[in-house]
Amino acid sequence: MEVNKISEGKTKIVYDFDKDHVLLRFKDDITAGDGQKKDILEGKGVLNAQTSAFFFRLLERYGIETHYVGMKDERTMIVKRLKMIPVEVVVRNIATGSIVKRLPIKEGEVFEPPIVEFFLKDDLRHDPLLNYYHMEHLKLMSRKEAQYIEDIMIKVNDILSSFIKNKGLILYDFKLEFGRLDDKLVIGDEISLDSMRIRNANSRIFDKDLYRKGYDLKTVKASYEEFLKIITS
Ligand code: 5GP
């Protein structure tokens, strides 16, 4: 079947599939700083597709609806056709990244309960923080939908945190994106080391922060490979 490209982002391409599904192809591109820094990391698309598929299946087993349907090939997912909402939703268990720059919070502070944040997907504006009022005015989502998403984020955080803890690692934070399927809100996009921060008890970094911090590409790839092995074994 000839496939039509619907859209292309920094790390993934969306292709037409059938009426209710699209294909999500994970590229080998790795980017940081709103796309300012970028490289090709051969094999990274396969690793992120496999990692994401693994976590989507895990969430589905706990009754959390995601867009995941199956794999078309090792780097291409068959996913439900959603109307994506251009918002990134983040849960934080331990402070690092943008929150320690924005607020008087120190690196490593523990959030109990975890903090949920919404950001507009807008590279030119460096993904600004959103509150309920902003999201209603911008017609992104209603307050009720935002509160529903917060509940899902906390449930997903419980599932992912305990799974990762059982593997001897720590989930610092992660980002999800949601889309609409009729009037349902469903998790879309990906769940990979590009969108979550994983450390061990010695603060060893496994995730894209290695790339953000300037480690060489071989180290980044080895870490993505090691993490996939850890979660799947
Ligand atoms: P921060 O707001 O500290 O930069 O990021 C919080 C969490 O969300 C991190 O796990 C980070 O990887 C993820 N995240 C934030 N923005 C983006 C983004 O634009 N793309 C991806 N893939 N992940 C993001």
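Since every read-out is calculated from the coordinates, none of them should be taken as a lab result. These figures come from a predicted structure and were not determined experimentally. Here the Cβ is made from the backbone with ideal geometry for all residues, glycine too, and neighbour counts use every protein chain on show.
At a glance:
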| read-out | value |
| --- | --- |
| Residues whose placed amide H lies under 5 Å from that of F111, excluding near-sequence neighbours | I94, A95 |
| E65 versus S233: modelled label distance in nm, points set 7 Å from Cα along the beta carbon direction | 3.7 |
| Part-to-part distance (alpha-carbon centres) for segment 156-175 and segment 97-141, which is given in Å | 20 |
| Given K83/K229; K121/K155; K37/K155, the pairs whose alpha carbons are separated by over 30 Å | K83/K229; K37/K155 |
| Fraction of alpha-carbon pairs over 24 Å apart in the chain - percent | 44 |
| Residues K72, K139 arranged by fewest to most Cβ contacts within 10 Å | K139, K72 |
| As computed over segment 5-80, the Cα convex hull volume per residue (Å³) | 96 |
| Lys/Arg +1, Asp/Glu -1 at C-beta; the chain dipole; positive extreme among N131, V79, G214 | G214 |
| Helical mean residue ellipticity (222 nm; -39500 (n - 2.57) per DSSP H run of 4+; nearest 500) of the chain | -10000 deg cm²/dmol |
| Size of charge dipole - segment 83-216 - debye, nearest 20, with Cβ of Lys, Arg +1 and Asp, Glu -1, no other charges | 240 |
| Computed log₁₀ I(q)/I(0) - Debye formula, equal Cα scatterers, no solvent, segment 96-177, q 0.13, 0.15 Å⁻¹ | -0.50, -0.67 |
| Student exercise, segment 5-80 dipole from Lys, Arg, Asp, Glu Cβ charges, in Debye to nearest 20 | 60 |
| Dipole magnitude of the chain about its Cα centre (Cβ charges: Lys, Arg +1; Asp, Glu -1), debye to nearest 20 | 340 |
